[in-house]
Amino acid sequence: MFGLETDIFLLLSFCLLAACAFEFINGFHDTANAVATVIYTNSLKPTQAVVWSGLINFIGVVTGGVGVGMSIVNLLPVELLIDQNVYHSIAMVLALLFSAIIWNFGTWYFGIPASSSHTLIGAILGVGLGYALLPDNASGVAAVNWDKAKEIFYALFLSPLVGFSLAVILMFTLRRALNKDIRKQIFDEPKKNEEPPFWVRAILITTCTLVSFFHGRNDGQKGIGLVMLILIGILPAYFAINNTIDFKQIKPDLDTISAKVALIDTAKTSVIEKGRIAQIKTSVSFLQSLADSNKVSKANALAARKALLTISGNAKKLVDDPDVILSDANKAELKAAAVQEEKGIRKYTDHAPMWVILMISMSLGLGTMIGWKRIVVTVGEKIGKSHLTYAQGASAELVAATTIGLASWFKLPVSTTHSLSSGIAGTMVASKGIKNLQSGTIKNIALAWVLTLPVAIILSATLFLFFRWLF
């Protein structure tokens, strides 16, 4: 394959297999988010629910793009993403995969709804911090993309709070808006082994479908980003740049970037900003020479990726800096050409072949169908003291689907687990007050929420340093 040495080929195969294992575990770890409510309201039998959820997850991944996955990958220091040493890339990937799989599998085994998003992001930040501790790294912790990290932290932190609050509001709204007969139908506990009314069942299956679909679009992209990280690190000549697009098409965006940067009044900018402008101009000049020849060769694919990421990163800082004198319209054009994920020049770095998307789709879908029961029991029985009602199930899933869908739209990773479990907690509180929550389960979920990032960071940083020493 690609003329690889045997040991590199074996390590590549192992890394790809481990990435599929992570997504497989993600599937059965997060299945409860979609199927717990339809199972516990007798809307679908367990087998029907997990097969349907697995299929919709598959469709979600295939149609989801790569923006969320690339937003996670871009947390890593650029130096790590363009390291010419294949073994350094393998050390990075193995540290990411092992730390994420260990924590995900452990929390699943004990039936604790923990976030795969938190785990993966913690693992990536751990690699960045491990890289900062290397003796030959002059950048230190500044090498980590902290701006992107803060953006993602906000999304991860707010998603459970939003899920809880919106679920409470929706439950109160339904109680007041619906007439007495309908209220009794959907707010009373379901009778054992009895299907809900057709219209209620249709709503619950629809919300289950939406959560599954948006889970695939959001969480599936994380797996795609992970695989692309492996391929770019080990086979940069083939995957560093999207070679399916005619490279001459980059010229209009490069011209826009040059024109907008030239409008910045450098007499009133800081030394740091002047340095960023100079880096952009140098990178643009290099890429224009490649565009003129209409070819990014295997030899300079990694250099082209570095130039693209250099332009994008520096342009974002210029756009976000209030001291940079440039009109809002010009900043918007510069952002569209240089910064936006999957658009402008970023369409050459933010890509994934269809076989990668299908591989991750299948891993997530199969995982969804297999290991669902442990977390389903926790979500369905152990968050609240009362049995899940139709109104609670529909409210929690509608809120989770909305939260995840909006996050995917803005290309931000959020925790499906926390969005859904916090939504269920909100419906329990809205029904019978705070005492309706099972304190032990809530403490475990909160503890996992608090511990996941630091544990994943420490574990990943330690493994990264170990593998760099080993390789």
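The values are calculated or read from the model by the stated rules, or taken from the named source; none is laboratory data. Keep in mind that what you see is a predicted model, and the values were worked out from it rather than measured. No Cβ is skipped: glycine too gets one built from the backbone with ideal geometry, and neighbour counts run over all protein chains shown. These area figures cover heavy atoms from the full protein model, side chains too; ligands, DNA and RNA do not enter into them. Shrake-Rupley method; radii C 1.70, N 1.55, O 1.52, S 1.80 Å.
Summing charges over neighbours of Met428, with a neighbour being any other residue whose Cβ is under 10 Å away from its Cβ, gives +3 when K and R count +1 and D and E count -1.
For the chain, what Kirkwood radius comes out of the mean inverse Cα-Cα distance, in Å? If you can, show how the numbers build up before the last one.
Details: mean 1/r = 0.0430 Å⁻¹.
Across the chain, the inverse of the average 1/r is 23.3 Å.
Packing around the peptides 321-328, 18-25, taken as the average count of other Cβ atoms within 10 Å per residue, puts them in this order, highest first: 18-25, 321-328.
Against the compact-protein benchmark of 2.2 N^0.38 Å, the Cα-based radius of gyration of the stretch 410-463 scales to 1.45.
Label-to-label distance, Ile169 versus Ala132, with points set 7 angstrom from Cα along the beta-carbon direction: 3.6 nm.
For Leu10 and Lys295, the FRET efficiency from 1/(1 + (r/R0)^6), where r spans their Cβ atoms and R0 equals 45 Å, is about 0.90.
Remark on the stretch 361-471: hydrodynamic radius 16.2 angstrom, per the Kirkwood mean of 1/r across alpha carbon pairs. On full extension, the segment bounded by Met354 and Asp246 gains 37.1 nm, given 0.36 nm per residue less the C-alpha separation. Take the Cβ atoms of Glu195 and Phe105, set R0 to 25 Å, and the FRET efficiency comes out at 0.10.
Scanning residues 5 or more positions from Asp350 or on other chains, those with amide H under 5 Å from its amide H are Glu342, with H placed 1.01 Å from N in the peptide plane. For Gly384, the residues whose modelled amide H falls within less than 5 Å of its own, excluding neighbours fewer than 5 places apart on the same chain, are Gln438. Shown for the chain: the carbon plus sulfur share of the solvent-accessible area, taken with all protein chains present and a 1.4 angstrom probe, equals 65%. Hydrophobic, long helices, defined as DSSP H runs whose alpha-carbon span along the helix axis is 27 Å or greater and whose mean Kyte-Doolittle value is at least 1.0, occur in the chain at 6-30, 86-109, 198-234, 439-470. The label point for Lys432 and the one for Gln48, both projected 7 Å from the Cα toward the Cβ, are 2.8 nm apart. Note on Lys268: aspartates and glutamates with a C-alpha under 18 Å away, same-chain residues under 8 apart excluded, are Asp320, Asp321, Asp323, Asp328. The label-point distance for Ala262 and Gln84, in a model that sets each label 7 Å from Cα toward Cβ, rounds to 3.3 nm.
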